[in-house]
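Here the structure is laid out as structure tokens; the discussion comes afterwards.
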Amino acid sequence: PFDEIGKRWMLVGAGTKDGFNMMTASWGAAGFMWNKPAVFAFVRPNRYTFDFIEKNPVFTISFFAPENKKILSYCGSHSGRDTDKAKDCSLTPFATKNSAVAFEEARLYFECRKMYAQNLEESAFLDKSALQKWYGKDPMHKMYVAEILGAYSA
């Protein structure tokens, strides 16, 4: 899981097939929380995907084959406010079992139901070097703890 998230990256998709966005993330975790399989996703409030995550109870985490890293690079460097990233990357969106959005080109995706959310707080950083390195002028992330409802091969 460390390489999947940190080195190969993941695509966080939020919204419904009728209105969605996705963003690349290389920060996050997967584990077990409150007796449920869970993911921890971190999203800054200035990201276009943030509003979609806030408005919908379910989002997806998608993993792609290494040869598709260009898709993740593009989705991490372009805003859905300005362009149709799915169209630009030739991604085929579809509605998941719980009406979230995922992509046929992903090799694996998790459907995730939000259980907890909290803004990171400057005062809670015990390692101030992380605060200084990652949060100069940028807003703090919001952390989402989400139950993995299912893991699917697309």
Contacts under 8 angstrom Cβ, first residue in the stretch 107-127 being without any contact (Cβ under 8 Å) to a residue 24 or more places away in the chain, partner surrounded by 11 or more Cβ atoms within 10 Å (Cβ to Cβ) and in a helix (DSSP H, G or I), 6 or more apart: 122/131; 125/131
Any hit, the stretch 64-86, residues being in a strand (DSSP E or B), surrounded by 15 or more Cβ atoms within 10 Å (Cβ to Cβ) and among the small types (Gly, Ala, Ser): no
Residues of the stretch 87-105 that turn out to be assigned to a strand (DSSP E or B) and open to solvent by 10 Å² or more (accessible area, probe 1.4 Å), as a count: 3
Some residue of the stretch 72-95 being on the phi > 0 side of the Ramachandran plot, polar (S, T, N, Q) and out of contact with any Leu (no Cβ under 9 Å at 6 or more places or on another chain): yes
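For (1) more than 15 Å from the chain's Cα centre (by Cα); (2) modelled with pLDDT of 95 or more; (3) open to solvent by less than 40 Å² (accessible area, probe 1.4 Å); (4) of a type in the set (A, V, I, L, M, F, W, C), each residue gets a yes or a no:
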{"residue": "11", "(1), (2), (3), (4)": "no, yes, yes, yes"}
{"residue": "15", "(1), (2), (3), (4)": "no, yes, yes, no"}
{"residue": "19", "(1), (2), (3), (4)": "yes, yes, yes, no"}
{"residue": "22", "(1), (2), (3), (4)": "no, yes, yes, yes"}
{"residue": "26", "(1), (2), (3), (4)": "no, no, no, no"}
{"residue": "55", "(1), (2), (3), (4)": "no, yes, no, no"}
The stretch 106-154 - residue that is open to solvent by less than 30 Å² (accessible area, probe 1.4 Å) and touching an Asp or Glu at 6+ places or on another chain (Cβ under 7 Å) and, of those, modelled with the lowest pLDDT: 131
Any hit, the stretch 28-39, residues being under 17 Å from residue 116 (Cβ atoms), open to solvent by 10 Å² or more (accessible area, probe 1.4 Å) and either out of contact with any strand residue (DSSP E or B) (no Cβ under 9 Å at 6 or more places or on another chain) or β-branched (Val, Ile, Thr) (or both): yes
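The values are calculated or read from the model by the stated rules, or taken from the named source; none is laboratory data. On a predicted model such as this, the values are computed, not experimentally measured, just so you know. A quick note on method: Cβ atoms are made from the backbone with ideal geometry, for glycine too, and the neighbour counts reach across all protein chains shown. Areas reflect the complete protein model, heavy atoms only, side chains present, ligands, DNA and RNA absent. Shrake-Rupley method; radii C 1.70, N 1.55, O 1.52, S 1.80 Å.
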